[in-house]
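Scroll down for the structure; my scribbles are underneath it.
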Amino acid sequence: MARFAKKEDLERVNELRRQVNDTHVQGRPDIFKPGFGREMEELVYAMWEDTDKNIIVAERDGVICGMACVEYVTKPESPYSLERKIYHITEFCVDKAFRRQGVGTELFAFARQDAREKGYPGMELDVWEFNEAAVKFYEAVGFRVYRRFLECGVEG
């Protein structure tokens, strides 16, 4: 069952966020810091209290086994673009012990419903290319690439 997080869920949400951080550190140690310090832990409490953000959790038999952090964004019109409402998924994790059991799909179904109810036309997220399993999952639940970030070293 997916639902919005309660304050007492946030410690477990941080355990899941730690898994995400570890994945990032392993995939790009040149960018991400190892460990999960106090500043990272406290960030989830600030998210939970921010009216422009929300945290969704999924649970099985009373155990929180997945989470999604979302941000409700309205970008004003500019000389380059129209105003856009963006339902942005900033963090997403299904506990390693619960993967391939429908938890992620359930989280996205809940997020889609939340986005519809709040008047957002769609959802966005970003994912690192090294995280191939996540890329495949996001594509399977309907996400498509619409913009790319590329990098190039200056040596050589």
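For this structure, a couple of remarks:
- Test: residue in the range 1-16 that is under 23 Å from A115 (Cβ atoms), in contact (Cβ under 8 Å) with a residue 60 or more places away in the chain, loosely packed, with under 11 Cβ neighbours inside 10 Å and in contact with a helix residue (DSSP H, G or I) (Cβ under 8 Å, 6 or more places away or on another chain): yes
- The range 106-119: number of residues that are exposed (fewer than 15 other Cβ atoms within 10 Å of the Cβ) and either modelled with pLDDT under 95 or farther than 14 Å from V141 by Cβ (or both): 4
- Elements of type strands (runs of 3 or more DSSP E) in the range 44-156, at least 1 residues being touching a Cys at 6+ places or on another chain (Cβ under 8 Å): 53-60, 63-75, 84-94
- Candidate set from the range 33-63 (those that are over 14 Å from the mean Cα position of the chain (by Cα) and of a type in the set (V, I, T)); member that is surrounded by the fewest Cβ atoms within 10 Å (Cβ to Cβ): T51
- Among the candidates E106, E129, residue that is in contact with a helix residue (DSSP H, G or I) (Cβ under 9 Å, 6 or more places away or on another chain) and not basic (K, R): E129
- Members of the range 48-67 that are closer than 13 Å to K6 by Cα and in contact with a strand residue (DSSP E or B) (Cβ under 8 Å, 6 or more places away or on another chain): W48, N54, I55, I56, V57, A58, E59, I64, M67
- Selection of the range 64-95 for residues being surrounded by fewer than 12 Cβ atoms within 10 Å (Cβ to Cβ) and in contact (Cβ under 8 Å) with a residue 12 or more places away in the chain yields only T74.
- Total residues in the range 113-156, condition closer than 20 Å to D30 by Cα, acidic (D, E) and within 18 Å of the chain's Cα centre (by Cα): 3
- Filtered by the rule that a residue be within 16 Å of the chain's Cα centre (by Cα) and either basic (K, R) or modelled with pLDDT under 95 (or both), the range 1-18 gives R3, R12, R17, R18.
- Pair list, Cβ < 8 Å and 6+ apart or interchain, from the range 96-125 residues that are within 16 Å of K75 (Cβ to Cβ) and of a type in the set (D, E) to residues that are modelled with pLDDT of 95 or more and buried (at least 18 other Cβ atoms within 10 Å of the Cβ): E124/Y87; E124/I89
The values are calculated or read from the model by the stated rules, or taken from the named source; none is laboratory data. Everything numeric in this text was worked out from a predicted model, so none of it was measured. Ideal geometry is used to build each Cβ from the backbone, glycine not excepted, and the neighbour counts take in all protein chains shown.
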